[in-house]
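Q: Quick one: structure below, then a few questions.
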Amino acid sequence: MLSENLLDIYATQFRENWELPAVSNYASPNVLTYADLSRKIAMLHIFFEECGVKRGDKIALMDRSSADWVLIYMATITYGAIIVPVLSEFNSSDATHIINHSDSILLFVGRHIHEQLDFDNFSKLKAVISTDGSEVLDEHPKFSQKATRALANLHKLFKRRYPHGFSSSDVKYPSLPPDSVAEINYTSGTTGFSKGVMLTLNNLCGNVVFGIRAQLYYRGSRSLSFLPLAHAYGCAFNMLVPLAQGTHVVVFDKTPTPKLLVKALSTVKPATVITVPLILEKIYRKQILPKISTPSMRRLLAIPLLNKSIYAKIRRSIMEAFGGEMAELIVGGAPLNKEVEKFMLKIKIPLTVGYGMTECGPLISYTPYQEYIEGSAGRTLYGLMQSKTMLPDGESAASEPMATVTGGVELPLGEICVKGENVMKGYYKNPEATAAAIDSEGWLHTGDMGCVAPDGTIFIKGRYKTMILGASGQNIYPEEIEAKLNNMPFVSESLIVERGPKLVALVYPDYEAMDKANVTSTMLPQIMEEVTRELNSNLAPYEQISHIQLIPNEFEKTPKRSIKRFLYK
C-alpha cells in the first residue's frame, strides 16, 4: 500500500489552495474556489447524514460532465460512500440495470435523463436528486421525505453545524482503510455486457500520486476537461489529479465538436492536454492529410530546406489549435494510428502515448514526451506497477514467438499482465469474472497482446480476443490493418472480419469527404478496389484482405465510442 492517503491529499490541497479557482463550467462566469468547493462538499455531507447514508453505501451519478458532477463525486468519496458513475449515453434499460446491480441508494441525475427513467424500476433507490442539487425528483414513500426535508433545511443545518462560518480548518475527511472501495465504474466493453470495476482509495491514490510525481499540473495551472468524467481516464487526469495539485478544472460541459473545442482550448490555454486518438486523427485526416497529399505539395516536401519550413508552419497551427501554451499532449484511451503518430513526432509535437484500462483506474504506463519511444504505449509506472507478458494459459512467454518493435528489437510476444497499486479490487458481485481477470499471484490479465521491454516499456499489438489466427498459424491483429485502412481515401471507419478462410474489410464511407470531392456512391466500388490494392501492398501476405464490403450506416458503438465487434462476427 502507498504511504500517501488520498483523502488526506485532498484535505491538504483544499486548505492550502483556499482562495484559488478550483472548478467551473466552460463559458460560465461562476467559478468555485477551493474554499467554495470545500463548503459545498461539507453541505452535501450533511445532506448524506440526514438521508441516513452510511460509509460504504453507494451513490449513483448520471449526467453530462459539469462542475456539479465534480462536486458530487468529490463529496461522495470524501464522505466515505462509494460513487457509481453512470455514463449519460447509456440507454434507460442499461442505466437501470447498473443502478440496481450496484445497490445504489441515492441517484443524482440530470433532468433530461430523469425523464427517461422509471423510478418504479429501481429496487433499492431511496431518492433521486437533480445534479444541480435544487430538487428531489423522486423519493420512496418508505423514506419518509427525508431527502426532501434535508434539502429544504440544508442551509439552516449548515449554519447550525458551523455557527462561526466554514473555514479551512474545518476541512477534515475520515480516516478510512486504503483498500476501501471508493468507486464502482461499470465498463462499456465491446463484448456485450458491463462489469462493475471496484476501485479502492489506494487505486485512485496510485493514479493521483503518479500525476503529482510527473508534475502533469501545478498550483494555479489550468485543465480543460473535455473527456467524459464518467470514464476512468477523464476522471483521473482531468479531475482527480488536477484537484490534487491546486489546478483550476474547467469542465467543457458541451458536446466537444472540433470547432467548439478549438475555441475552448484557445480560451483556457492548458499546459497539459489530455486527449483520445480520435481528436488527433480527425485533425490529421481532415486538415493536414488533404494539404500534404497534393502533387504540388509532395514536390515541395521533397526539397529538404523547404519542407522544414512547411512542417514548422503545420506545427504552429496544431499548437495554436491546442491553445498555444501546450507543454505536453498525452494520448490514451485507445491505440493511436501509427501514421498519425509518426507525423506528429516528425513535426516535433510534444506527444506521448499512455496505456491503461478501467481496471487500473486507469493508468498502467506513461513516459514524458522527451523520452517517448515511437510505437510504444509508454513505460510501466515505476514504483507503482509491474508488467510482463504471459501465454494465455499462464505460462511464461520467454520462449514464445518474438515480435519486432521500434528499433528492430525482438521481444517475447504474449498477453500483457500487470500487478501493483492501481489494480482493482475486483468486479462487484462477480467473483467468476474477477477470478478470470486476476490470477492467484495477483496479475491482472489485460487481454492485450504485446511485448514488454526490460525497462518496462510496453508495445501493444492488439486485443487477444480479436486476434485472428491465419491459415498458416500467423497471428493477425485486425486493429493494425484497420489503422492503415482508416487513413485511406473516403474511409470513415472500418472493421476487419473473417468470412470463411478470407479476411474482409467492412467499411463505412466518409460521406463528407465524398461530397467535397464530388464523388458519388456509384463511383465508390471502383475506388474501394483501388483502396484494397493499395492497402494490400502495405500488408504482409497473410494479412491481406480479399475485398471491401461497404455498409450503409455507422458501426454500432459502446458509449465510449468503441465498435461493438461481437455484432459483426
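The values are calculated or read from the model by the stated rules, or taken from the named source; none is laboratory data. Bear in mind the structure is a predicted one, so any value in this text is a computation, not a measurement. Every residue, glycine as well, gets a Cβ built from its backbone with ideal geometry; the counts of neighbours run over all protein chains shown. When the accessible area is computed, the model is the full protein with side chains, heavy atoms only, and any ligands, DNA or RNA have been set aside. Shrake-Rupley method; radii C 1.70, N 1.55, O 1.52, S 1.80 Å.
Q: Would you kindly find the accessible area of Val136, with a 1.4 Å probe and non-protein molecules such as ligands, DNA and RNA excluded, rounding to the nearest 10 Å²?
A: 30 Å²
Q: Where a ≥ b ≥ c are the square roots of the eigenvalues of the C-alpha gyration tensor, would you call the range 228-371 rounded, which needs a/c under 1.5, or, failing that, prolate if a/b is larger than b/c, or oblate?
A: On the way: a/c = 2.09, a/b = 1.78, b/c = 1.18.
In terms of gyration-tensor shape, prolate.
Q: Now, a different point. Rounded to the nearest 10 Å², what accessible area does Arg222 show when all protein chains are kept and the probe is 1.4 Å?
A: 80 Å²
Q: Of Ile468, Val268, Leu157, whose Cα points farthest to the positive end of the dipole of the chain (charges on the beta-carbon: +1 Lys, Arg; -1 Asp, Glu; origin at the Cα centre)?
A: Sorting the options by dipole projection puts first Val268.
Q: Scan the range 122-171 for chymotrypsin sites (Phe, Trp or Tyr not before Pro) in coil per DSSP, keeping those whose Cβ has at most 10 other Cβ atoms within 10 Å, and list them by number.
A: Listed in order of number, the matching sites amount to none.
Q: While we're looking at this one, here's another question. May I ask what percent, to the nearest 5, of DSSP beta bridges between residues of the range 148-301 are antiparallel?
A: For the range 148-301, the DSSP antiparallel bridge percentage is about 55.
Q: Any idea what the dipole of the chain comes to, in debye rounded to 20, about its Cα centre with Lys/Arg Cβ at +1 and Asp/Glu Cβ at -1?
A: Value, rounded to 20: 1400 debye.
Q: Could you calculate the contour length gain from Thr267 to Ile310, that is, 0.36 nm times the residue separation minus the distance between their Cα atoms, to one decimal place in nm?
A: 12.8 nm
Q: Related question: Arg161 to His97: FRET efficiency via 1/(1 + (r/R0)^6), r the Cβ-Cβ distance, R0 35 Å, to the nearest 0.05? Could the numbers behind the result be given before it?
A: Numbers: r = 37 Å, r/R0 = 1.07.
My answer for the efficiency is 0.40.
Q: How much length, in nm to one decimal, is gained on full extension between Asn121 and Ser562, taken as 0.36 nm per residue of separation minus their Cα-Cα distance?
A: Working: separation 441, 0.36 × 441 = 158.76 nm, distance 2.85 nm.
Working it through step by step, the gained length comes to 155.9 nm.
Q: In addition: Kindly identify the range 20-110 as rounded, prolate or oblate by the Cα gyration tensor criterion: order the square roots of the eigenvalues as a ≥ b ≥ c, call it rounded if a/c is under 1.5, otherwise compare a/b with b/c, prolate if a/b is larger, else oblate.
A: Values: a/c = 2.93, a/b = 1.30, b/c = 2.26.
It is oblate, given that a/c is not under 1.5 and a/b is not larger than b/c.
Q: Between the alpha-carbon centers of the range 28-85 and the range 225-241, tell me the distance in whole angstrom.
A: Centre-to-centre (Cα) distance: 16 Å.
Q: For Cα extents along the principal axes in Å, pick the label among (i) 87, 57, 48; (ii) 75, 51, 49; (iii) 112, 55, 45 that corresponds to the value derived from the coordinates.
A: (ii)
Q: For the range 51-172, report the convex hull volume of the alpha-carbon atoms normalised per residue, in Å³, without decimals.
A: Values: hull volume 12.7 nm³, N = 122.
Taking the convex hull of the Cα positions in the range 51-172, it is 104 Å³ per residue.
Q: I'd like the FRET efficiency for Leu539 and Ser168, computed as 1/(1 + (r/R0)^6) with the beta carbon distance as r and R0 of 56 Å, rounded to 0.05.
A: Computed FRET efficiency for Leu539 and Ser168: 0.35.
Q: What shape does the range 36-81 have by the C-alpha gyration tensor, where a ≥ b ≥ c are the square roots of the eigenvalues, rounded means a/c under 1.5, and otherwise prolate means a/b greater than b/c and oblate the rest?
A: In terms of gyration-tensor shape, oblate.
Q: Highest first, please rank the peptides 59-71, 418-430 by the mean number of other Cβ atoms sitting within 10 Å of their residues. Please list the in-between numbers first.
A: Numbers: 59-71: 24.6, 418-430: 21.3.
Taking the mean over residues of other Cβ atoms within 10 Å, the ranking is 59-71, 418-430.
Q: May I pose another question? What is the angle, in °, between the Cα long axis of helix 304-321 and the longest principal axis of the Cα atoms in the chain? Nearest 10 is fine, range 0 to 90.
A: In the chain, helix 304-321 runs at an angle near 20 degrees to the longest axis.
Q: For Tyr218 and Ala433 in one chain, what is 0.36 nm times their gap in residues minus the Cα-Cα distance, to one decimal in nm?
A: Taking Tyr218 through Ala433 to full extension adds about 73.5 nm, to one decimal.
Q: Additional query: How high is the FRET efficiency from Val504 to Leu289, r the C-beta distance, R0 35 Å, rounded to 0.05?
A: 0.90
Q: Out of Asn422, Ala433, Pro350, whose Cα points farthest toward the positive end of the dipole of the range 332-449 (charges: +1 Lys, Arg; -1 Asp, Glu; placed on Cβ)?
A: The Cα lying farthest towards the positive end belongs to Pro350.
Q: While we're looking at this one, here's another question. Ile364's amide H: which non-local residues (gap 5+, or another chain) put their own amide H closer than 5 Å, with H modeled 1.01 Å from N in plane and none for Pro or chain starts?
A: Close amide H contacts, sequence-distant or interchain: Tyr355, Gly356, Met357.
Q: Could you tell me which residue out of Ile113, Val84, Ile98 lies farthest along the dipole of the range 83-124 toward its positive end? Charges go on the beta carbon: Lys and Arg +1, Asp and Glu -1, centred on the Cα centre.
A: Val84
Q: For the chain, what relative contact order do you get, as a whole percent, if you take Cα pairs closer than 8 Å and at least 6 residues apart?
A: On the way: 1053 pairs, mean separation 63.9, N = 569.
So the answer I get is 11 percent.
Q: Oh, and also: Please determine, in degrees from 0 to 90 and to the nearest 10, the orientation of helix 524-537 with respect to the longest principal axis defined by the Cα atoms of the chain, where the helix direction is its Cα long axis.
A: 80 degrees
Q: List every residue whose amide H lies under 5 Å from the amide H of Phe108, counting only residues 5 or more places away in sequence or on a different chain, with H placed 1.01 Å from N in the peptide plane.
A: For Phe108, the qualifying residues are Ala60, Leu61, Met62, Ile129.
Q: Can you tell me, using C-alpha contacts under 8 Å and at least 6 residues apart, the relative contact order of the range 272-406 as a whole percent?
A: 20 percent
Q: For the range 262-279, in order, what is each residue's ³J(HN,Hα) by Karplus, 6.51 cos²θ - 1.76 cosθ + 1.60 with θ = phi - 60°, in whole Hz (x at glycine and Pro)?
A: Once rounded to whole Hz, the list reads 4, 5, 5, 4, 5, 7, 7, 6, x, 7, 10, 10, 9, 9, 10, x, 3, 5.
Q: Leaving ligands and nucleic acids out of the surface, order Ser167, Ser376 by accessible area at 1.4 Å, largest first.
A: The most accessible residue leads, giving Ser167, Ser376.
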